[in-house]
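The values are calculated or read from the model by the stated rules, or taken from the named source; none is laboratory data. Small disclaimer: the values here were computed from a predicted structure and weren't measured. Cβ placement follows ideal geometry from the backbone for every residue including glycine, while neighbour counts extend to all protein chains displayed. Remember, those area values only see protein heavy atoms, side chains included, never the ligands or the DNA or RNA. Shrake-Rupley method; radii C 1.70, N 1.55, O 1.52, S 1.80 Å.
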Amino acid sequence: MTLSEAIKALEHNTEWKVILEALSKDREALINDFHSPEILENPQALARLGGEIASVDRIIKSFTNEQD
């Protein structure tokens, strides 16, 4: 079974929808962290935050079969 097939099999599962919602909320929380002065003043923290957002976004796209 491929990842796409497995995701398709999970699409109507209530628990799967909860997982996707949690990932979306995590992504939004990370995006909101950009408003933090501590993050904006620290280039390493800013780069790490950008990487975290990209990772969560990539997972969400993979799990929802979205294309770039």
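Key figures for this structure:
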{"item": "Candidates L40, L30, L49, ranked by Gaussian network fluctuation over the chain, Cα under 10 Å, top entry", "result": "L40"}
{"item": "Cleavage-rule hits, GluC sites (Glu not before Pro), segment 12-68, DSSP coil, Cβ neighbours within 10 Å at most 12", "result": "E41, E66"}
{"item": "Bins of 5 Å, starting at 0 and running to the largest distance - Cα pair percent for the chain", "result": "3, 16, 21, 20, 14, 10, 7, 5, 2, 0"}
{"item": "Average accessible area per residue (Å²) across the chain - probe 1.4 Å, nucleic acids and ligands excluded", "result": "76 Å²"}
{"item": "Percent carbon-and-sulfur accessible area, the chain, ignoring ligands, DNA and RNA, probe 1.4 Å", "result": "56 percent"}
{"item": "Mean Kyte hydropathy of 0.0 or more with a Cα span along the axis of at least 15 Å, helices from DSSP in the chain", "result": "43-63"}
